[in-house]
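Colleague: Starting off with a structure, shown below.
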(Lines give C-alpha, C1' and ligand atoms only; values in the text may rest on other atoms or scores of the structure.)
Protein backbone atom coordinates (compact mmCIF):
# COMPACT_ATOMS: atom_id res chain seq x y z
CA UNK A 1 0.00 0.00 0.00
CA UNK A 2 2.85 2.41 0.86
CA UNK A 3 4.43 1.86 -2.57
CA UNK A 4 1.07 2.48 -4.25
CA UNK A 5 0.63 5.74 -2.31
CA UNK A 6 4.11 6.90 -3.29
CA UNK A 7 3.49 6.13 -6.96
CA UNK A 8 0.07 7.78 -6.94
CA UNK A 9 1.71 10.88 -5.46
CA UNK A 10 4.46 10.80 -8.12
CA UNK A 11 1.87 10.55 -10.92
CA UNK A 12 -0.09 13.45 -9.42
CA UNK A 13 3.12 15.50 -9.19
CA UNK A 14 3.51 15.18 -12.97
CA UNK A 15 0.11 16.84 -13.42
CA UNK A 16 0.33 19.53 -10.72
CA UNK A 17 3.31 21.10 -8.97
CA UNK A 18 1.15 21.95 -5.94
CA UNK A 19 2.16 19.48 -3.23
CA UNK A 20 -1.03 19.98 -1.25
CA UNK A 21 -3.08 19.05 -4.32
CA UNK A 22 -0.85 15.99 -4.84
CA UNK A 23 -1.42 14.79 -1.27
CA UNK A 24 -5.19 15.38 -1.39
CA UNK A 25 -5.47 13.69 -4.82
CA UNK A 26 -3.54 10.69 -3.49
CA UNK A 27 -5.82 10.41 -0.45
CA UNK A 28 -8.94 10.62 -2.62
CA UNK A 29 -7.58 8.00 -5.02
CA UNK A 30 -7.18 5.50 -2.19
CA UNK A 31 -10.94 5.47 -1.47
CA UNK A 32 -12.00 3.21 -4.36
CA UNK A 33 -8.92 1.06 -3.77
CA UNK A 34 -10.07 0.31 -0.22
CA UNK A 35 -13.50 -0.77 -1.43
CA UNK A 36 -11.98 -3.02 -4.13
CA UNK A 37 -9.83 -5.10 -1.82
CA UNK A 38 -12.68 -7.49 -0.91
CA UNK A 39 -11.28 -10.37 1.17
CA UNK A 40 -7.75 -9.43 0.09
CA UNK A 41 -4.72 -11.24 -1.30
CA UNK A 42 -5.78 -11.12 -4.95
CA UNK A 43 -3.22 -11.00 -7.77
CA UNK A 44 -4.66 -7.65 -8.89
CA UNK A 45 -3.25 -6.12 -5.70
CA UNK A 46 0.25 -7.28 -6.60
CA UNK A 47 -0.01 -5.88 -10.13
CA UNK A 48 -0.96 -2.37 -9.03
CA UNK A 49 2.57 -1.10 -8.16
CA UNK A 50 3.87 -2.19 -11.58
CA UNK A 51 0.91 -0.61 -13.39
CA UNK A 52 1.36 2.65 -11.47
CA UNK A 53 5.10 2.65 -12.13
CA UNK A 54 4.54 2.23 -15.87
CA UNK A 55 1.80 4.89 -15.87
CA UNK A 56 4.15 7.33 -14.12
CA UNK A 57 6.79 6.75 -16.82
CA UNK A 58 4.26 7.19 -19.64
CA UNK A 59 2.83 10.42 -18.17
CA UNK A 60 6.34 11.75 -17.60
CA UNK A 61 7.16 10.97 -21.23
CA UNK A 62 4.06 12.78 -22.51
CA UNK A 63 4.72 15.85 -20.35
CA UNK A 64 8.41 16.06 -21.27
CA UNK A 65 8.38 14.29 -24.66
CA UNK A 66 11.01 11.93 -23.36
CA UNK A 67 12.31 9.99 -20.35
CA UNK A 68 15.62 8.44 -19.35
CA UNK A 69 16.44 5.14 -20.99
CA UNK A 70 16.64 3.39 -17.63
CA UNK A 71 12.99 4.35 -17.09
CA UNK A 72 12.13 2.85 -20.49
CA UNK A 73 13.95 -0.32 -19.41
CA UNK A 74 12.01 -0.32 -16.12
CA UNK A 75 8.73 0.06 -18.04
CA UNK A 76 9.60 -3.09 -20.01
CA UNK A 77 10.41 -4.95 -16.79
CA UNK A 78 7.02 -3.95 -15.35
CA UNK A 79 5.23 -5.32 -18.42
CA UNK A 80 7.16 -8.60 -18.16
CA UNK A 81 6.12 -9.00 -14.54
CA UNK A 82 2.47 -8.17 -15.32
CA UNK A 83 2.40 -10.72 -18.16
CA UNK A 84 3.35 -13.50 -15.77
CA UNK A 85 1.11 -12.32 -12.91
CA UNK A 86 -2.05 -11.58 -14.89
CA UNK A 87 -1.73 -10.95 -18.64
CA UNK A 88 -5.18 -9.41 -19.05
CA UNK A 89 -4.11 -6.31 -17.07
CA UNK A 90 -1.90 -4.84 -19.78
CA UNK A 91 -4.26 -2.03 -20.84
CA UNK A 92 -1.78 0.61 -19.58
CA UNK A 93 0.76 -0.45 -22.21
CA UNK A 94 -1.88 -1.03 -24.91
CA UNK A 95 -3.20 2.49 -24.40
CA UNK A 96 0.04 4.47 -24.10
CA UNK A 97 2.63 2.68 -26.29
CA UNK A 98 0.89 3.72 -29.58
CA UNK A 99 0.86 7.34 -28.34
CA UNK A 100 4.58 7.21 -27.49
CA UNK A 101 5.32 5.89 -30.99
CA UNK A 102 3.20 8.65 -32.57
CA UNK A 103 5.03 11.34 -30.56
CA UNK A 104 8.38 10.04 -31.78
CA UNK A 105 7.16 9.89 -35.37
CA UNK A 106 5.61 13.36 -35.19
CA UNK A 107 8.92 14.80 -34.00
CA UNK A 108 10.81 12.72 -36.62
CA UNK A 109 12.98 11.12 -33.95
CA UNK A 110 13.33 7.80 -35.75
CA UNK A 111 16.65 6.75 -34.22
CA UNK A 112 15.44 7.57 -30.71
CA UNK A 113 12.25 5.57 -31.38
CA UNK A 114 14.26 2.52 -32.49
CA UNK A 115 16.55 2.81 -29.47
CA UNK A 116 13.58 3.20 -27.11
CA UNK A 117 11.88 0.10 -28.57
CA UNK A 118 15.05 -1.97 -28.20
CA UNK A 119 15.63 -0.84 -24.61
CA UNK A 120 11.96 -1.49 -23.75
CA UNK A 121 12.19 -4.98 -25.26
CA UNK A 122 15.41 -5.49 -23.30
CA UNK A 123 13.55 -4.81 -20.06
CA UNK A 124 10.72 -7.12 -21.13
CA UNK A 125 13.11 -9.94 -22.06
CA UNK A 126 14.99 -9.49 -18.79
CA UNK A 127 11.92 -11.01 -17.13
CA UNK A 128 10.76 -13.42 -19.83
CA UNK A 129 14.06 -15.15 -20.68
CA UNK A 130 15.04 -16.22 -17.11
CA UNK A 131 11.54 -17.65 -16.56
CA UNK A 132 11.67 -19.68 -19.78
CA UNK A 133 15.23 -20.85 -19.07
CA UNK A 134 14.27 -21.92 -15.53
CA UNK A 135 11.38 -24.07 -16.76
CA UNK A 136 13.48 -25.50 -19.59
CA UNK A 137 16.30 -26.49 -17.21
CA UNK A 138 13.77 -28.22 -14.95
CA UNK A 139 12.11 -30.09 -17.87
CA UNK A 140 8.88 -28.22 -17.19
CA UNK A 141 8.63 -25.98 -20.24
CA UNK A 142 5.73 -27.94 -21.74
CA UNK A 143 3.84 -27.71 -18.43
CA UNK A 144 4.51 -23.98 -18.32
CA UNK A 145 3.23 -23.49 -21.89
CA UNK A 146 0.13 -25.53 -21.07
CA UNK A 147 -0.62 -23.63 -17.83
CA UNK A 148 0.21 -20.18 -19.19
CA UNK A 149 -1.31 -20.40 -22.66
CA UNK A 150 -3.60 -23.40 -23.19
CA UNK A 151 -5.24 -23.45 -19.76
CA UNK A 152 -5.65 -19.66 -19.69
CA UNK A 153 -7.38 -19.79 -23.07
CA UNK A 154 -9.74 -22.45 -21.74
CA UNK A 155 -10.34 -20.35 -18.64
CA UNK A 156 -11.07 -17.31 -20.80
CA UNK A 157 -13.73 -19.38 -22.59
CA UNK A 158 -15.35 -20.37 -19.30
CA UNK A 159 -17.76 -17.44 -18.90
CA UNK A 160 -19.98 -16.53 -15.98
CA UNK A 161 -21.67 -13.86 -18.10
CA UNK A 162 -21.37 -12.82 -21.73
CA UNK A 163 -19.35 -9.84 -22.98
CA UNK A 164 -22.34 -7.50 -23.13
CA UNK A 165 -23.45 -8.33 -19.58
CA UNK A 166 -19.93 -7.82 -18.24
CA UNK A 167 -19.59 -4.46 -20.01
CA UNK A 168 -22.99 -3.40 -18.71
CA UNK A 169 -21.94 -4.27 -15.16
CA UNK A 170 -18.70 -2.29 -15.31
CA UNK A 171 -20.21 0.69 -17.15
CA UNK A 172 -23.63 1.07 -15.53
CA UNK A 173 -23.81 -1.04 -12.36
CA UNK A 174 -20.41 -0.80 -10.69
CA UNK A 175 -20.39 2.32 -8.48
CA UNK A 176 -16.61 2.64 -8.62
CA UNK A 177 -16.52 2.45 -12.43
CA UNK A 178 -19.32 5.02 -12.71
CA UNK A 179 -17.62 7.40 -10.27
CA UNK A 180 -14.26 7.16 -12.06
CA UNK A 181 -15.93 7.71 -15.44
CA UNK A 182 -17.94 10.65 -14.05
CA UNK A 183 -14.79 12.29 -12.70
CA UNK A 184 -13.00 11.90 -16.03
CA UNK A 185 -15.94 13.44 -17.92
CA UNK A 186 -16.21 16.29 -15.39
CA UNK A 187 -12.50 16.98 -15.78
CA UNK A 188 -12.79 17.15 -19.57
CA UNK A 189 -15.80 19.49 -19.21
CA UNK A 190 -13.83 21.79 -16.86
CA UNK A 191 -10.94 21.89 -19.32
CA UNK A 192 -13.20 22.62 -22.30
CA UNK A 193 -14.80 25.52 -20.40
CA UNK A 194 -11.32 26.99 -19.91
CA UNK A 195 -10.43 26.16 -23.52
CA UNK A 196 -7.68 23.84 -22.35
CA UNK A 197 -6.83 20.65 -24.24
CA UNK A 198 -4.88 17.71 -22.91
CA UNK A 199 -4.01 14.47 -24.67
CA UNK A 200 -3.62 12.88 -21.22
CA UNK A 201 -7.37 13.31 -20.55
CA UNK A 202 -8.21 11.45 -23.75
CA UNK A 203 -5.66 8.76 -22.91
CA UNK A 204 -7.28 8.27 -19.49
CA UNK A 205 -10.62 7.59 -21.20
CA UNK A 206 -9.02 5.20 -23.69
CA UNK A 207 -7.20 3.46 -20.84
CA UNK A 208 -10.47 3.21 -18.86
CA UNK A 209 -12.46 1.68 -21.73
CA UNK A 210 -9.65 -0.68 -22.75
CA UNK A 211 -9.44 -2.03 -19.20
CA UNK A 212 -13.19 -2.66 -19.08
CA UNK A 213 -13.24 -4.27 -22.54
CA UNK A 214 -10.39 -6.66 -21.69
CA UNK A 215 -12.04 -7.69 -18.42
CA UNK A 216 -15.41 -8.10 -20.13
CA UNK A 217 -13.94 -10.42 -22.76
CA UNK A 218 -13.18 -12.82 -19.90
CA UNK A 219 -16.90 -12.93 -19.06
CA UNK A 220 -16.48 -12.43 -15.32
CA UNK A 221 -17.47 -9.71 -12.91
CA UNK A 222 -15.71 -9.37 -9.59
CA UNK A 223 -15.19 -6.48 -7.22
CA UNK A 224 -11.42 -6.88 -7.12
CA UNK A 225 -11.14 -6.54 -10.93
CA UNK A 226 -11.82 -2.84 -10.43
CA UNK A 227 -8.43 -2.44 -8.74
CA UNK A 228 -7.02 -2.10 -12.27
CA UNK A 229 -9.17 1.03 -12.78
CA UNK A 230 -7.54 2.93 -9.90
CA UNK A 231 -4.74 4.38 -12.08
CA UNK A 232 -7.45 6.01 -14.28
CA UNK A 233 -8.56 7.99 -11.22
CA UNK A 234 -5.50 9.90 -10.01
CA UNK A 235 -4.98 12.08 -13.10
CA UNK A 236 -8.51 13.57 -13.46
CA UNK A 237 -8.74 14.05 -9.69
CA UNK A 238 -5.50 16.04 -9.71
CA UNK A 239 -6.63 18.16 -12.64
CA UNK A 240 -10.04 18.89 -11.08
CA UNK A 241 -8.36 19.96 -7.83
CA UNK A 242 -6.06 22.17 -9.88
CA UNK A 243 -9.09 23.78 -11.56
CA UNK A 244 -10.71 24.41 -8.17
CA UNK A 245 -7.45 25.78 -6.78
CA UNK A 246 -7.31 28.39 -9.54
CA UNK A 247 -10.77 29.86 -8.89
CA UNK A 248 -11.20 30.08 -5.09
CA UNK A 249 -9.61 32.21 -2.38
CA UNK A 250 -6.74 31.05 -0.17
CA UNK A 251 -8.85 30.79 3.02
CA UNK A 252 -11.52 28.80 1.22
CA UNK A 253 -8.81 26.53 -0.18
CA UNK A 254 -7.52 25.73 3.30
CA UNK A 255 -11.05 25.12 4.58
CA UNK A 256 -12.05 22.87 1.66
CA UNK A 257 -8.79 20.90 1.74
CA UNK A 258 -9.17 20.32 5.48
CA UNK A 259 -12.81 19.23 5.20
CA UNK A 260 -12.15 16.99 2.16
CA UNK A 261 -9.14 15.37 3.80
CA UNK A 262 -11.05 14.62 7.01
CA UNK A 263 -14.04 13.24 5.13
CA UNK A 264 -11.94 11.02 2.94
CA UNK A 265 -9.83 9.76 5.81
CA UNK A 266 -13.08 8.78 7.56
CA UNK A 267 -14.22 7.03 4.37
CA UNK A 268 -10.91 5.18 4.12
CA UNK A 269 -11.23 3.99 7.73
CA UNK A 270 -14.85 2.95 7.15
CA UNK A 271 -14.04 1.05 3.95
CA UNK A 272 -11.08 -0.72 5.50
CA UNK A 273 -13.09 -1.63 8.59
CA UNK A 274 -15.85 -3.02 6.36
CA UNK A 275 -13.33 -5.25 4.58
CA UNK A 276 -11.77 -6.35 7.89
CA UNK A 277 -15.22 -7.25 9.27
CA UNK A 278 -15.96 -9.20 6.08
CA UNK A 279 -12.79 -11.26 6.45
CA UNK A 280 -13.52 -11.86 10.15
CA UNK A 281 -17.04 -12.94 9.30
CA UNK A 282 -15.71 -15.45 6.78
CA UNK A 283 -12.92 -16.85 8.92
CA UNK A 284 -14.20 -16.83 12.48
CA UNK A 285 -17.95 -17.54 12.55
CA UNK A 286 -19.46 -20.29 14.68
CA UNK A 287 -19.98 -22.51 11.60
CA UNK A 288 -16.26 -22.44 10.78
CA UNK A 289 -15.33 -23.06 14.41
CA UNK A 290 -17.36 -26.30 14.35
CA UNK A 291 -15.55 -27.54 11.27
CA UNK A 292 -12.13 -26.54 12.61
CA UNK A 293 -12.73 -28.23 15.98
CA UNK A 294 -14.08 -31.37 14.29
CA UNK A 295 -11.01 -31.67 12.04
CA UNK A 296 -8.53 -31.03 14.87
CA UNK A 297 -10.22 -33.60 17.13
CA UNK A 298 -10.23 -36.31 14.45
CA UNK A 299 -6.77 -35.88 12.92
CA UNK A 300 -3.12 -35.16 13.64
CA UNK A 301 -1.08 -32.27 12.27
CA UNK A 302 0.76 -34.59 9.83
CA UNK A 303 -2.42 -36.20 8.45
CA UNK A 304 -3.60 -35.75 4.88
CA UNK A 305 -6.63 -33.42 4.89
CA UNK A 306 -8.52 -32.33 1.78
CA UNK A 307 -10.74 -29.25 1.52
CA UNK A 308 -13.08 -29.53 -1.46
CA UNK A 309 -13.73 -26.55 -3.73
CA UNK A 310 -11.41 -23.58 -2.99
CA UNK A 311 -11.87 -22.62 0.69
CA UNK A 312 -8.16 -22.97 1.42
CA UNK A 313 -8.42 -20.93 4.62
CA UNK A 314 -9.34 -24.15 6.43
CA UNK A 315 -5.82 -25.47 5.93
CA UNK A 316 -4.50 -22.53 7.95
CA UNK A 317 -7.27 -22.64 10.54
CA UNK A 318 -6.77 -26.36 11.20
CA UNK A 319 -2.99 -26.42 10.72
CA UNK A 320 -3.44 -29.31 8.28
CA UNK A 321 -2.17 -29.90 4.75
CA UNK A 322 -3.29 -31.78 1.66
CA UNK A 323 -0.56 -34.17 0.53
CA UNK A 324 -1.24 -33.70 -3.14
CA UNK A 325 -1.09 -31.27 -6.04
CA UNK A 326 -4.67 -29.96 -6.00
CA UNK A 327 -5.21 -28.44 -2.57
CA UNK A 328 -8.00 -26.44 -4.25
CA UNK A 329 -9.99 -27.64 -7.25
CA UNK A 330 -12.23 -24.78 -8.37
CA UNK A 331 -12.15 -23.61 -11.12
CA UNK A 332 -9.44 -26.04 -12.29
CA UNK A 333 -11.56 -29.18 -12.51
CA UNK A 334 -14.44 -27.27 -14.09
CA UNK A 335 -12.33 -26.16 -17.02
CA UNK A 336 -10.15 -29.15 -17.83
CA UNK A 337 -11.30 -32.77 -17.65
CA UNK A 338 -7.66 -33.92 -17.65
CA UNK A 339 -7.05 -31.99 -14.43
CA UNK A 340 -10.18 -33.52 -12.94
CA UNK A 341 -8.99 -37.03 -13.84
CA UNK A 342 -5.53 -36.31 -12.44
CA UNK A 343 -7.07 -35.04 -9.20
CA UNK A 344 -9.22 -38.18 -8.87
CA UNK A 345 -6.20 -40.45 -9.46
CA UNK A 346 -4.25 -38.50 -6.86
CA UNK A 347 -7.19 -38.75 -4.48
CA UNK A 348 -7.52 -42.53 -4.90
CA UNK A 349 -3.80 -43.23 -4.58
CA UNK A 350 -3.45 -41.28 -1.34
CA UNK A 351 -6.86 -41.09 0.31
CA UNK A 352 -7.18 -38.13 2.70
CA UNK A 353 -7.92 -38.95 6.32
CA UNK A 354 -10.35 -36.03 6.48
CA UNK A 355 -12.47 -34.48 3.71
CA UNK A 356 -14.14 -31.10 4.23
CA UNK A 357 -16.97 -29.81 2.07
CA UNK A 358 -17.48 -26.20 3.25
CA UNK A 359 -20.75 -25.59 1.41
CA UNK A 360 -24.20 -26.12 2.79
CA UNK A 361 -25.91 -29.49 2.61
CA UNK A 362 -28.46 -28.42 -0.01
CA UNK A 363 -25.64 -27.39 -2.35
CA UNK A 364 -24.08 -30.79 -1.83
CA UNK A 365 -27.29 -32.61 -2.73
CA UNK A 366 -27.88 -30.42 -5.76
CA UNK A 367 -24.34 -30.75 -7.10
CA UNK A 368 -24.24 -34.49 -6.55
CA UNK A 369 -27.63 -34.85 -8.21
CA UNK A 370 -26.50 -33.48 -11.58
CA UNK A 371 -28.72 -31.03 -13.39
CA UNK A 372 -28.93 -33.23 -16.48
CA UNK A 373 -30.61 -35.93 -14.34
CA UNK A 374 -32.97 -33.29 -13.07
CA UNK A 375 -33.89 -32.39 -16.64
CA UNK A 376 -34.62 -36.05 -17.43
CA UNK A 377 -37.01 -36.21 -14.48
CA UNK A 378 -38.77 -33.06 -15.68
CA UNK A 379 -39.21 -34.59 -19.14
CA UNK A 380 -40.46 -37.94 -17.80
CA UNK A 381 -42.82 -36.48 -15.20
CA UNK A 382 -44.31 -33.81 -17.44
CA UNK A 383 -46.00 -35.28 -20.55
CA UNK A 384 -46.44 -31.81 -22.00
CA UNK A 385 -42.73 -31.00 -21.77
CA UNK A 386 -41.74 -32.32 -25.19
CA UNK A 387 -44.88 -30.94 -26.84
CA UNK A 388 -44.26 -27.47 -25.45
CA UNK A 389 -40.49 -27.60 -25.15
CA UNK A 390 -40.17 -24.06 -26.48
CA UNK A 391 -41.94 -22.83 -23.34
CA UNK A 392 -39.20 -24.43 -21.26
CA UNK A 393 -36.37 -23.52 -23.60
CA UNK A 394 -34.87 -20.74 -21.48
CA UNK A 395 -35.00 -22.93 -18.37
CA UNK A 396 -33.49 -25.86 -20.26
CA UNK A 397 -30.64 -23.75 -21.65
CA UNK A 398 -29.89 -22.31 -18.22
CA UNK A 399 -29.83 -25.72 -16.56
CA UNK A 400 -27.77 -27.19 -19.40
CA UNK A 401 -25.27 -24.38 -18.93
CA UNK A 402 -25.07 -25.15 -15.21
CA UNK A 403 -24.57 -28.83 -16.03
CA UNK A 404 -21.59 -28.10 -18.25
CA UNK A 405 -20.00 -25.90 -15.61
CA UNK A 406 -20.60 -28.14 -12.60
CA UNK A 407 -20.49 -31.66 -14.02
CA UNK A 408 -17.03 -32.45 -12.60
CA UNK A 409 -17.99 -31.08 -9.19
CA UNK A 410 -21.06 -33.31 -9.27
CA UNK A 411 -18.99 -36.33 -10.32
CA UNK A 412 -16.48 -35.65 -7.55
CA UNK A 413 -19.20 -35.37 -4.90
CA UNK A 414 -20.99 -38.47 -6.17
CA UNK A 415 -17.74 -40.39 -5.88
CA UNK A 416 -17.47 -39.43 -2.20
CA UNK A 417 -21.11 -40.46 -1.70
CA UNK A 418 -20.34 -43.87 -3.19
CA UNK A 419 -17.25 -44.25 -0.99
CA UNK A 420 -19.41 -43.40 2.02
CA UNK A 421 -21.96 -46.07 1.01
CA UNK A 422 -19.15 -48.61 0.61
CA UNK A 423 -17.88 -47.90 4.12
CA UNK A 424 -14.64 -46.22 3.07
CA UNK A 425 -15.59 -42.89 4.65
CA UNK A 426 -17.85 -41.99 7.55
CA UNK A 427 -19.64 -38.69 7.86
CA UNK A 428 -18.64 -37.08 11.18
CA UNK A 429 -20.22 -33.65 10.71
CA UNK A 430 -23.40 -32.90 8.80
CA UNK A 431 -24.49 -29.47 9.97
CA UNK A 432 -23.98 -26.85 8.88
CA UNK A 433 -21.34 -28.31 6.54
CA UNK A 434 -19.97 -31.76 5.75
CA UNK A 435 -16.87 -33.51 7.06
CA UNK A 436 -15.89 -37.15 6.35
CA UNK A 437 -13.30 -39.31 8.07
CA UNK A 438 -11.46 -42.22 6.47
CA UNK A 439 -12.29 -45.46 8.21
CA UNK A 440 -9.36 -47.06 10.05
CA UNK A 441 -9.39 -50.27 8.00
CA UNK A 442 -8.98 -48.39 4.72
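Colleague: With (1) under 30 Å from residue 88 (Cα atoms); (2) modelled with pLDDT of 65 or more as the list, and residue 275 as the residue in question, which single condition is left unmet?
Modeller: (2)
For every residue, the table says whether it meets (1) at pLDDT 90 or above; (2) closer than 16 Å to residue 123 by Cα.
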site	(1), (2)
45	no, no
57	yes, yes
64	no, no
72	yes, yes
76	yes, yes
88	no, no
96	yes, no
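Here's the yes/no breakdown for (1) in contact (Cβ under 8 Å) with a residue 60 or more places away in the chain; (2) surrounded by fewer than 17 Cβ atoms within 10 Å (Cβ to Cβ); (3) under 18 Å from the mean Cα position of the chain (by Cα):
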site: 48; (1), (2), (3): yes, no, yes
site: 55; (1), (2), (3): yes, no, no
site: 68; (1), (2), (3): no, yes, no
site: 72; (1), (2), (3): no, no, no
site: 82; (1), (2), (3): no, no, yes
site: 85; (1), (2), (3): no, yes, yes
site: 92; (1), (2), (3): yes, no, yes
site: 95; (1), (2), (3): yes, no, no
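Colleague: Quick one: which residue in 65, 45 is touching a helix residue (DSSP H, G or I) at 6+ places or on another chain (Cβ under 9 Å) and at positive phi? Walk me through how you get there before you give the answer.
Modeller: Working: 45 fails: at positive phi.
The conditions single out 65.
Colleague: Collect the residues in the stretch 101-113 that are part of a helix (DSSP H, G or I) and surrounded by 14 or more Cβ atoms within 10 Å (Cβ to Cβ), keeping them in residue-number order. Full working, then the answer.
Modeller: We begin by selecting, within the stretch 101-113, every residue part of a helix (DSSP H, G or I); these are 101-106, 110-113.
Answer for the stretch 101-113, where residues must be part of a helix (DSSP H, G or I) and surrounded by 14 or more Cβ atoms within 10 Å (Cβ to Cβ): 103, 104, 113.
Colleague: Same structure again: If you go through the stretch 341-350 one residue at a time, do you hit one that is closer than 29 Å to residue 298 by Cα, touching a strand residue (DSSP E or B) at 6+ places or on another chain (Cβ under 9 Å) and modelled with pLDDT of 55 or more? Spell out how you get there, then give the answer.
Modeller: To start, the set of residues in the stretch 341-350 that are closer than 29 Å to residue 298 by Cα comprises 341-350.
This time we only want the ones that are touching a strand residue (DSSP E or B) at 6+ places or on another chain (Cβ under 9 Å), so: 347, 350.
Filter again for modelled with pLDDT of 55 or more, leaving 347, 350.
There is at least one residue in the stretch 341-350 that is closer than 29 Å to residue 298 by Cα, touching a strand residue (DSSP E or B) at 6+ places or on another chain (Cβ under 9 Å) and modelled with pLDDT of 55 or more.
Colleague: Right, here's the next one. Can residue 420 be described as out of contact with any strand residue (DSSP E or B) (no Cβ under 7 Å at 6 or more places or on another chain) and either modelled with pLDDT of 60 or more or not in a strand (DSSP E or B) (or both)?
Modeller: Judged against the criteria, residue 420 is not a match.
Colleague: Any chance you could count how many residues in the stretch 207-241 are surrounded by fewer than 19 Cβ atoms within 10 Å (Cβ to Cβ) and either free of Cβ contacts under 8 Å to residues at least 24 places away in the same chain or more than 17 Å from residue 94 (Cβ to Cβ) (or both)?
Modeller: 6
Colleague: While we're on this one: Any residue in the stretch 322-330 that is in a strand (DSSP E or B), within 21 Å of residue 350 (Cβ to Cβ), at pLDDT 90 or above and not assigned by TED's automatic domain parsing to the domain that holds residue 143?
Modeller: no
Residues checked against (1) closer than 27 Å to residue 224 by Cα; (2) modelled with pLDDT of 75 or more; (3) surrounded by fewer than 13 Cβ atoms within 10 Å (Cβ to Cβ):
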position	(1), (2), (3)
115	no, yes, no
132	no, yes, no
142	no, yes, yes
149	yes, yes, yes
190	no, no, no
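Colleague: Now a separate question. Can we say residue 171 is modelled with pLDDT of 90 or more and over 17 Å from the mean Cα position of the chain (by Cα)?
Modeller: Judged against the criteria, residue 171 is not a match.
The values are calculated or read from the model by the stated rules, or taken from the named source; none is laboratory data. If you're wondering where the values come from, they're calculated on a predicted model, not measured in any experiment. With ideal geometry, Cβ positions are generated from the backbone for all residues, glycine too; neighbour counts draw on all protein chains shown.
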